[in-house]
Structure formats: structure tokens, C-alpha cells
1. Of everything in segment 68-95 that's open to solvent by less than 100 Å² (accessible area, probe 1.4 Å) and without any contact (Cβ under 8 Å) to a residue 12 or more places away in the chain, which residue is farthest from the chain's Cα centre (by Cα)?
2. Give me the pairs, please: first residue somewhere in segment 27-38 and part of a loop (DSSP other than H, G, I, E, B), second residue anywhere and of a type in the set (A, V, I, L, M) and open to solvent by 50 Å² or more (accessible area, probe 1.4 Å), beta-carbon distance under 7 Å, and either six or more positions apart or on two chains.
3. Any idea how many residues of segment 194-217 are modelled with pLDDT of 95 or more, closer than 22 Å to Leu100 by Cα and out of contact with any Phe, Trp or Tyr (no Cβ under 8 Å at 6 or more places or on another chain)?
4. Going through Pro192, Pro168, Pro201 one at a time, which residue ends up being within 24 Å of Glu92 (Cβ to Cβ), assigned to a loop (DSSP other than H, G, I, E, B) and within 14 Å of the chain's Cα centre (by Cα)?
5. Run Leu158 past the list (1) assigned to a helix (DSSP H, G or I); (2) at pLDDT 95 or above; (3) closer than 25 Å to Gln80 by Cβ and report the number of the one that doesn't hold.
Amino acid sequence: MRIFTLKIAFFLLVALQAISFAGGMKTSVFDTKHNFSTTGKGDIKSLTETRVCIFCHSSHNSSKEGPLWNHKTTIPSKFQTYNRSSLKSTPEQPNGATKLCLSCHDGTIAVGAVKGFARPIQLTNTGNQGEIPAGKKSNLGMDLRGTHPVSVRFDQSLAVMDKNLLWPPSDPENEVGVDSNGYIQCTSCHDPHGSRSSKYPFWKKATFSEVCLVCHKY
């Protein structure tokens, strides 16, 4: 009887998880490639460090560049920014959350380069200096001309100039949109702690179009 009850409980749990994800419930950072601890799900992870959050955050002695920020930060002045003629605004050098994201994703800084350590935490499958290897999709490099514009101000005046933009951004859940300073950043579309999509990593909505249509109209 006990085994039967346990089986029923297991199948109910699996069913509830499937229903929740189908409805857009966000995954946990523990189950993403941003978990670089020994329990990490990606090929880049530590063989010894069991703490998950330490690679980005620290509750003590953190920097002021981001919320409890604990990682060595990239140098903004070195990037080539988005510059297509169709753009009605000018992207700045990476700032805000984008600068923090690029502290790993520009491919020049060790993923394990955290504050308070004499040398970076050693991780598997990284480059010679502990960085995301060149050639991996997650290594964006320093040329941002092929990505969606980031660190670019988005306001009503910009939307008025472009008939394909919405103002204000329309998201009832208030997840997608500009940061507190009015800039489009990596985190305008992506959530570094998990994804609501089963297809797109760290995506803030269940589908691609749900994110795009917050700011764009076609």
C-alpha cells in the first residue's frame, strides 16, 4: 500500500511540474547552465565548489555594480556597439545589467573570477584563463553589432520616431521592458536565474514572440 501511495505521489508531482511549466512557471537557477557549482547542469562547472550563488553574488563585501555583485566586471570601453542605420537611438558602452552579464559572456574574464579569492575558482571546459571558450554560443565577444541593441535608452520620443515600437512597453506582468534608468539591457528579455520557456534559455516569457511584442509591433 505504501509503495502504491508513493507511486501515485510521484506521478502527481511529475504531472504538476509539467502543467506548471506549460503555463510558463520559471525554472530554478539550480537547473540552468548558470549553476557553475558541482551540481551544475552545463559542461562548465566546478569540481569542488558547492555554492551556487557565489559565482555572481555575495552577502558580504560585494561591489556596488550590481545587487550583491561578486564577480570581476568587464571594461565597458572596449566594445563595438550596435550601429545599424535603422536604429533611431545610439547604444552606449555596456552599462547596468548588460555590463554585468558581459563580465562572463564577453569571453575575456574567467567565469570563476569572484571577489575575495586570490585566483579564480577552477572550472571544467573553460579556456586557458578560465573564460568561456571562443566558439561557444555563450561567448558573445566584444562585437555587439549583431545582437539586439543593449544599453540603449528607450523612451516615448524614440517610440514616436519608429512606427514599429510601442510606448509604453506593454507587459501586464511587468517582467519585460526597460530598467530603472530607462535602458534596454540583456535583462530586458532574459532572466539570468531561470526561464519561462522550454525552448529559449533564460527567457522571460513562454514564447519568443511574447517578449518581442512587449516593445515591438508588426
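The values are calculated or read from the model by the stated rules, or taken from the named source; none is laboratory data. Note that the coordinates shown come from a computational prediction; the quantities given were computed from them, not determined experimentally. Cβ placement follows ideal geometry from the backbone for every residue including glycine, while neighbour counts extend to all protein chains displayed. Keep in mind that these areas ignore ligands, DNA and RNA; they rest on the heavy atoms of the full protein, side chains included. Shrake-Rupley method; radii C 1.70, N 1.55, O 1.52, S 1.80 Å.
1. By that ranking, first place goes to Ser86.
2. Short answer, once both residue conditions are applied: Thr38/Leu47.
3. The number of residues fulfilling the criteria is 4.
4. Pro192
5. (2)
Each row is one residue, and each column tells you yes or no for (1) open to solvent by less than 70 Å² (accessible area, probe 1.4 Å); (2) of a type in the set (Asp, Glu).
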site: Pro168; (1), (2): no, no
site: Asn174; (1), (2): no, no
site: Asp179; (1), (2): yes, yes
site: Gly182; (1), (2): yes, no
site: Cys189; (1), (2): yes, no
site: Ser195; (1), (2): yes, no
site: Lys205; (1), (2): yes, no
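Residues checked against (1) at pLDDT below 95; (2) farther than 16 Å from Asp191 by Cβ:
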position: Lys33; (1), (2): no, no
position: Phe36; (1), (2): no, yes
position: Thr39; (1), (2): no, yes
position: Lys45; (1), (2): no, yes
position: Thr48; (1), (2): no, yes
position: Ser59; (1), (2): yes, yes
position: Ser63; (1), (2): yes, yes
position: Leu68; (1), (2): no, yes
position: Thr74; (1), (2): no, yes
